[in-house]
Amino acid sequence: MINNVKEIPIEGITYKNLKIEKEPLTPEYTPPPPELIPAKNRAVCIDPSRTCMPFGAMWATLGVHRAIPFVQGAQGCTTYVRYTFSRVFREPATIANASFHEDAAVFGGRKNLIRGVRNLVCRYQPELISIVTTCSSEVIGDDINSFLDEAIELMEEEMGPEVRDAVKFVVVNTPSFAGSHVEGYNRAAREFLKTLAKSTGQSTEDIYFIPGFMMPGDIRELKHMMDLMDVSYRILFDISDTLDCPLVGMPNRIPYYPPGGTKVEEFVRAGDARGLFALSPDAGGAGATWLERRFKVPSRAITMPIGVKNTDNLIKAVAEVAERPISEKIRWERGILLDAMADTLHYTMSKRVALCGDPDFVAAATGFVCELGMIPTYILIGTKSRTAEATIREVCEEYGHNPVIMNDSDQFEWEYALKNDIPDVILGHSRCVNISREIQVPLVRYGFPVYDRVGFQREPIIGYRGGERLLARIVNAILDYHYPDDRTHQ
Amino acid sequence: MPYYQLRCNICIPERNKHVIIVDEDRSTIPVSNAPTVPGDLTERGCAYAGARGVVGGPIADVIHMIHAPVGCGYYTWGTRRHLGNAYNWARPGVLENEANHRRHCFTTDMTEQDIIFGGAEKLKKALLEAFRINPGARGAVIYNTCSTALIGDDLEQVAREVSKEVGKPIFACASPGFCGVSQSKGHHEFNFQFYKWLIKYREQHPEVCLKEEEKTPYDINLIGEYNIDWDTVVIVPLFEKLGVRILNVFTGNARFQNLFTLPDAKLNVVHCQRSATYIAALIKEGFEVPYIGVSLFGLEQTSKALRDTAAWFGDEKIIKRAEEVIEEEKAAIAKALEWYRNKLEGKRIAIYVGAPRVWHWPKALAELGMEVVACMTTFGHKEDYEKIVQRVKPGTLVIDNPNEFEIEEMIETRKPDLFLTGLKEKYLVRKFGVPTLNSHSYEKGPYAGFRGFINFARDIYQAIYAPVWQLAKEDF
């Protein structure tokens, strides 16, 4: 024991030297009462695979150039979210807060918003501020639009009309007691377009994309594919160069703003777009619907391009809307993915896989695991989805599988199912690491959130190349866990 | 003009009184524990974070029930590194992968309907279910947050009813995020409410108190020690070697039932003197149990903690034992400490943590030959800043509740070799080529006590000497 050694070595106390005796709380395992296993039978939610709405609106805002979310609520509503961004991206996330104290709870957050927006503008000169509401401001009943009008008026008086014109505002109502982070993003997608998009009547060549909770690596992969297709494109809420940025050394200009993000002007021009694709129907679909209704821009929500068919669908749809041929280079990448699938089929075929995650990720990933010949067993859609269940059913039917689909449940129910019917592999996020260890099944990390391993924000899982990478993750996990080392050499 | 205006604060002069340069007679301290300036990019959290995250969260064998919309529970689920060793079974013969208090998130997941019609019934039902699902739990702690406080759900009533039904203690902590100006208010609320509840519970259930025959003259509580990255592994044995008995650690890896014996100790030894002196003071008032403040970081301070504890008992044997322990421990780390001191001598450090570590650490860092150039706290009070200005050199920059912009300006103007800070700030500062160390949850702890001090020194060394910073400076 570390307290008894005569001399502490230079390397200090390592985890191996910290021997912690575990104390069981009960003499043995007691299974939970059967009637309390389904989440719908319980008042208590145990281990939610989702977080609250404001998070999604903040995520979207951080993908906009020189934009800062202003959270109308208590400080924790910002601080906890910033922790989450830091964990997932290992990057700073600049988010402002109204700092609700007791007086705001009693009298409302008018003063906080007016003062807060003013302070933010004069110190940071952002190009856009999203006002993100919370459960407290919604319960109190803050009249955000009138507060904001007043704030803008005072700002113009103090700082002049140029300052007023230089900053745009988007209000996103995200009461935390409704929906989830997915709906928060969805609402932001709609509200940003609703507030900013215009139509000049002169349509552009640009194809627009709303990525949803894709990681920076995924967005870069999307850009790569569109470049290969020689398509003119715009990506809204583009976090690829805001939440994954280089170390630059001591700055000569503070405050720190990441260089990237979608420009406000790109939102404005969306009304003239040639077409728009929401690549996450649950997180962003509302933006597509609104844009089509308002400006007749052909817009559709399609399954996230994970796997062969899902990517095929995207490429075909883009080719059609942009009136471009499918490029040979894209076909080449598709061929590489098929090649990788052929080379690994003996590892993936008939393997039983459980999936967990945000609706758009699980819906798409289920398609891919079916293409790999795997058998999906239990699928947890992290938050109630309008679209994911049907997408999953359709693809599973096609491949002759009949998984248990949990829509609007929690991880407790899903994990209990896994304990009783152990799969070969789990596709999930970092919160699935415990069940993975407890049933000794490899966890293939993907989607949101992955914070306990590095590099996941940069390695794409979308497109053909991303599919090849995700396939490699799955196969290597299976090899690590299920294959003797003398059977891995071919 | 005692206060200092940072460039970034020109248009929000209300921040000026929170920033000082320590003067020669160390008479000025910044204004603290004051409302946050809205929109200033504060790093502060909320009262719920202080109650649930800091003080209540480490209690190891209870159900932590978050009565709130889903986010409040989600964000505090297994995030802060207050570790423990009470485990539930995952399945027959297999313990869960994480300790009871970090493995699961129990929340009422309040929906719009619940907010409209009230959530007390749901909370009651949720608690009863949670106890059936987690039969090993020795009790529960309920926390409310902004929305459930605003709609006025009566937590205490639910706690009483369910407690009666399941026969286990349940403590309800009102911790709405908007209460107070920072997480400090949450520490305060947890302490006061918990003490009040504990006293009542002891009266109604005298069997939970320590029996006379079980008491010893050398019973102490370690208050305000949260077992971050197993700090207690290196701290507790130090006291035990003196011949005193630690009845309770409040609240690192604590057992709920045990906490009822808090007032039965002879002395309270307080480590985090911002988040937990409250309960020590209450116990002193109610039970005439005195308390002493200690710091358990670095050689001199840890030695002093042991000496002060021994001196309080006044027992020659304990006093002698303290000296022996100090000698043994110093000898055990002397060589490693010397190695790190040679590497770290002369380095300039900026510290930004919650509050007490900002004054615990300058002395410890001085023992490694390092100098503190800037001090900042998220929620320090007057007493914290009085100690800080006494412990750093005149000329040191001190900021109360620094915001992101102020931190950037501090980095730019003070150019520290290392920034001791938290998760949110560390990625920002690294962008500027300045190394950091997670000073809340540590990088690879424990950091406390004599032996943990080597880990602290090692992680500081690793942060500063990583080749990446040199590569970042090269012209390319």
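The values are calculated or read from the model by the stated rules, or taken from the named source; none is laboratory data. This structure is a prediction, so every number in the text was calculated from the model and none was measured. Neighbour counts are summed over all protein chains in view; Cβ atoms, including those assigned to glycine, are modelled from backbone coordinates with ideal geometry.
Among the residues of region B:58-90, just one is over 18 Å from B:ALA137 (Cβ atoms), of a type in the set (Gly, Ala, Ser) and more than 7 Å from every other protein chain (Cβ to nearest Cβ), namely B:ALA68. Against the test of being surrounded by fewer than 22 Cβ atoms within 10 Å (Cβ to Cβ), among the basic types (Lys, Arg), more than 9 Å from chain B (Cβ to nearest Cβ) and more than 18 Å from B:CYS11 (Cβ to Cβ), the options A:ARG110, A:ARG87 yield a single qualifying residue, A:ARG110. Identification of helices (runs of 4 or more DSSP H) wholly contained in region A:309-398 with 2 or more residues that are within 21 Å of A:SER436 (Cβ to Cβ) yields A:345-348, A:359-371.
Of the residues examined, A:ALA93 is not one that is touching a helix residue (DSSP H, G or I) at 6+ places or on another chain (Cβ under 8 Å) and assigned to a helix (DSSP H, G or I).
Suppose we filter A:ALA74, A:ALA57, A:ALA104 for residues that are part of a loop (DSSP other than H, G, I, E, B) and crowded, with 24+ Cβ neighbours inside 10 Å; which single one remains? It is A:ALA74. Annotation: B:ARG102 fulfils all but one of (1) facing another protein chain (nearest Cβ under 7 Å); (2) buried (at least 22 other Cβ atoms within 10 Å of the Cβ); the unmet one is (1). For region B:288-308, a residue qualifies if it is without any contact (Cβ under 8 Å) to a residue 24 or more places away in the chain and in contact with a Leu (Cβ under 9 Å, 6 or more places away or on another chain), and exactly one does: B:PRO290.
Being touching a strand residue (DSSP E or B) at 6+ places or on another chain (Cβ under 6 Å) and among the basic types (Lys, Arg) holds for only one residue in A:ARG253, A:ARG234, and it is A:ARG234. Region A:400-490 holds helices (runs of 4 or more DSSP H) entirely within its bounds, and those carrying 1 or more residues that are over 26 Å from B:ARG103 (Cα atoms) map to A:463-482. Taking the criterion of being in contact with a strand residue (DSSP E or B) (Cβ under 7 Å, 6 or more places away or on another chain) and β-branched (Val, Ile, Thr), the residues of region B:87-132 that qualify are B:THR107, B:THR108. For region A:295-308, residues that are in a loop (DSSP other than H, G, I, E, B) and touching a residue at least 24 places away in the same chain (Cβ under 8 Å) total 7.
Within region B:157-170, residues that are crowded, with 18+ Cβ neighbours inside 10 Å have Cβ atoms under 7 Å from residues that are modelled with pLDDT under 95 and of a type in the set (Lys, Arg) in no pair, counting only partners at least 6 apart in sequence or on another chain.
Of all residues in region B:59-81, exactly one satisfies the criterion of being buried (at least 24 other Cβ atoms within 10 Å of the Cβ) and under 14 Å from the mean Cα position of the chain (by Cα), namely B:ILE59. Among the residues of region A:55-76, how many are facing chain B (nearest Cβ under 10 Å) and under 13 Å from the mean Cα position of the chain (by Cα)? Of the residues in that region, 1 qualify.
Assess whether A:PRO32 counts as being over 25 Å from B:PRO69 (Cβ atoms), in contact (Cβ under 8 Å) with a residue 60 or more places away in the chain, out of contact with any strand residue (DSSP E or B) (no Cβ under 8 Å at 6 or more places or on another chain) and facing chain B (nearest Cβ under 9 Å). The answer is no for A:PRO32.
Just one of (1) out of contact with any Pro (no Cβ under 8 Å at 6 or more places or on another chain); (2) away from every other protein chain (no Cβ under 14 Å); (3) in contact (Cβ under 8 Å) with a residue 24 or more places away in the chain fails for B:GLU213. It is (3). Please verify whether A:ILE114 is touching a residue at least 40 places away in the same chain (Cβ under 8 Å), assigned by TED's automatic domain parsing to the domain that holds A:GLY76 and not in a helix (DSSP H, G or I), treating the condition exactly as stated. Judged against the criteria, A:ILE114 is not a match.
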